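Chemist: Quick one: structure below, then a few questions.
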Amino acid sequence: MILHLLAVLEYDGTDFQGFQIQKNGRSVQQELETALYDFGKTRIKTVGGGRTDAGVHAQGQTASFTIEWGRDLETFKRALNAKLPNDIYVRRLLAVDENFSARYSAVSRAYRYRVWNHPERDVFRTRYAYWVPEPLDVAGMQSAAKWLAGEKDFSAFGSPPQGNNPVRDVYAAEVSREGDEVYFDLRANAFLYRMVRRMVGTLLLVGRGKLAPAEMESVVQRKRRSGFSAPPQGLTLIEIKYKI
């Protein structure tokens, strides 16, 4: 039986060069396609829902593909996970229409960036959060984040992965604190290359008192430069939504 499937997967991105297959270096997509190859000894092409960079993690990455399988999906999920390395895990498998694409059928993508905001480094957070030892003004960063919401030209923060359209619709941009962790949550229809990490880097300038919250408007309008691109280990792709 031919099945059209959507896989929802998570991975620790530390040892990957990103989701997409690379000429040199390990990728999540390559590991997934290698595991799928074992089921029929033919290459099964996957389409990823999001392009995570080297070192970026995922809790809700997606991939669509077509495969021949005669048993139930739960059995297939267990068999697939048994073939995947320990830093990748398929959480769910869903049957979809043959015209479905994990990338082009997506209606929104959500990322969370984690900052460990404490005077001392924590070795158990090193792989999953960016350490910022100095105090951060969370209220100021939240005030600045309001300038990131809406449908705009976001060229100040990145470049299109394909084509030349820099307009994206950011549905939500929130900054919050839980204990010694500061969270940057961003949700949009899609993101430019490095867009989230540059937004976080700019918001951190606000948090450190180097940029006034209202000056974020000038950054968006490209009247002044954006901040640095925050390191990849703090970023996690949380969820990709579809109308299914």
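Chemist: Being in a loop (DSSP other than H, G, I, E, B) and loosely packed, with under 15 Cβ neighbours inside 10 Å is the filter here, so list the residues in segment 27-64 that pass it.
Modeler: Taking segment 27-64 first, the residues in a loop (DSSP other than H, G, I, E, B) are 27, 41-46, 49-52, 54-56.
Once the filter is applied, which keeps residues that are in a loop (DSSP other than H, G, I, E, B) and loosely packed, with under 15 Cβ neighbours inside 10 Å, segment 27-64 yields K41, T42, R43, K45.
Chemist: Counting only residues that are touching a residue at least 60 places away in the same chain (Cβ under 8 Å), part of a strand (DSSP E or B) and over 16 Å from the mean Cα position of the chain (by Cα), how many does segment 154-173 have?
Modeler: 0
Chemist: Next up: Exactly one condition in (1) part of a helix (DSSP H, G or I); (2) among the small types (G, A, S); (3) within 21 Å of V56 (Cβ to Cβ) is false for A190; which is it?
Modeler: Of (1) part of a helix (DSSP H, G or I); (2) among the small types (G, A, S); (3) within 21 Å of V56 (Cβ to Cβ), only one is false for A190: (1).
This table checks each residue for (1) under 25 Å from R127 (Cα atoms); (2) of a type in the set (D, E, K, R); (3) at pLDDT below 95.
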site	(1), (2), (3)
S143	no, no, no
S159	no, no, yes
M195	yes, no, no
G207	yes, no, no
A212	no, no, no
V220	no, no, no
R225	no, yes, yes
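Chemist: Name every residue in segment 120-143 that is within 12 Å of E181 (Cα to Cα) and surrounded by 16 or more Cβ atoms within 10 Å (Cβ to Cβ), in order of residue number.
Modeler: Scanning segment 120-143 gives R125, Y128, A129, Y130, W131, V132, L136, V138.
Chemist: Restricting to segment 91-113, name every residue that is touching a His at 6+ places or on another chain (Cβ under 8 Å) and of a type in the set (A, V, I, L, M).
Modeler: Correct list: A95, V96.
Chemist: In segment 50-96, what residues are among the acidic types (D, E) and in contact with a Phe, Trp or Tyr (Cβ under 7 Å, 6 or more places away or on another chain)?
Modeler: Looking only at segment 50-96, we keep the residues that are among the acidic types (D, E), and these are 53, 68, 72, 74, 87.
Scanning segment 50-96 gives a single hit, D87.
Chemist: Listed residues Y111, Y104; which is surrounded by 15 or more Cβ atoms within 10 Å (Cβ to Cβ) and either within 19 Å of the chain's Cα centre (by Cα) or not aliphatic (A, V, I, L, M) (or both)?
Modeler: Working: Y104 fails: surrounded by 15 or more Cβ atoms within 10 Å (Cβ to Cβ).
After ruling out the rest, the residue left standing is Y111.
Chemist: Given the criteria modelled with pLDDT under 95 and either surrounded by fewer than 18 Cβ atoms within 10 Å (Cβ to Cβ) or among the small types (G, A, S) (or both), does R71 qualify? I'd like the intermediate steps shown before the answer.
Modeler: Working: modelled with pLDDT under 95: yes; either surrounded by fewer than 18 Cβ atoms within 10 Å (Cβ to Cβ) or among the small types (G, A, S) (or both): yes.
Yes, satisfied.
The values are calculated or read from the model by the stated rules, or taken from the named source; none is laboratory data. All of these numbers come straight from a predicted model, not from anything done at the bench. In this analysis, Cβ positions are derived from the backbone assuming ideal geometry, glycine residues included, and neighbour counts consider all displayed protein chains.
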